[in-house]
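**Student:** Dropping a structure here in structure tokens format, bear with me for questions.
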Amino acid sequence: MTETSPQQPPEDLPDFGIDDDAGNARVDLLVRQVAAVVAAGEAERREIVVALSDGVQAISSDHPEVTETIVRDAIIRELKPTFDRAGWEMLAPFEF
């Protein structure tokens, strides 16, 4: 998954608990990309966990707070409907 600029203005993005709008937008983009892949049935759960982990790691170089529990909980919150529709077990905060 590659990062591109989000389509939504920062004030319309979910709050992931990142300290600035740019970091929050990067997390939102990652979550939307992961959700799209899951919804399309293009990957297995374990592949999604790895992709999510890689994405969080990439974001952490500029926004280390992405590894904090509050941010991980927000990511899980946003992905829950997608995982539920796929029939997958929900993520644990430090699984990715």
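**Student:** Taking the residues in region 45-64 that are touching a residue at least 12 places away in the same chain (Cβ under 8 Å) and either touching a strand residue (DSSP E or B) at 6+ places or on another chain (Cβ under 8 Å) or among the small types (Gly, Ala, Ser) (or both) as candidates, determine which candidate is surrounded by the fewest Cβ atoms within 10 Å (Cβ to Cβ).
**Tutor:** Filtering first and then ranking leaves SER53.
**Student:** A further question follows. Return yes or no: is ASP62 modelled with pLDDT of 95 or more and not in a helix (DSSP H, G or I)?
**Tutor:** yes
**Student:** Quick test of your reading of the structure: ALA35 fulfils all but one of (1) at pLDDT 95 or above; (2) more than 13 Å from the chain's Cα centre (by Cα). Name the failing condition by number.
**Tutor:** (2)
**Student:** Can you tell me which residue within region 74-93, out of those that are assigned to a loop (DSSP other than H, G, I, E, B) and in contact with a helix residue (DSSP H, G or I) (Cβ under 7 Å, 6 or more places away or on another chain), is surrounded by the fewest Cβ atoms within 10 Å (Cβ to Cβ)?
**Tutor:** MET90
**Student:** Right, next: Yes or no: region 65-73 includes at least one residue that is in contact (Cβ under 8 Å) with a residue 12 or more places away in the chain and not in a helix (DSSP H, G or I).
**Tutor:** Yes, because at least one residue in region 65-73 is in contact (Cβ under 8 Å) with a residue 12 or more places away in the chain and not in a helix (DSSP H, G or I).
**Student:** Here's another thing I want to ask about it. Taking region 13-32 on its own, how many of its residues are modelled with pLDDT under 95, within 24 Å of ASP84 (Cα to Cα) and charged (D, E, K, R)?
**Tutor:** Residues meeting the conditions: 1.
**Student:** Of all residues being in contact (Cβ under 8 Å) with a residue 40 or more places away in the chain and hydrophobic (A, V, I, L, M, F, W, C) in region 31-44, which is farthest from ALA92 (Cα to Cα)? Just the residue, please.
**Tutor:** ALA39
The values are calculated or read from the model by the stated rules, or taken from the named source; none is laboratory data. None of these values were measured; they are calculated from a predicted model. Here the Cβ is made from the backbone with ideal geometry for all residues, glycine too, and neighbour counts use every protein chain on show.
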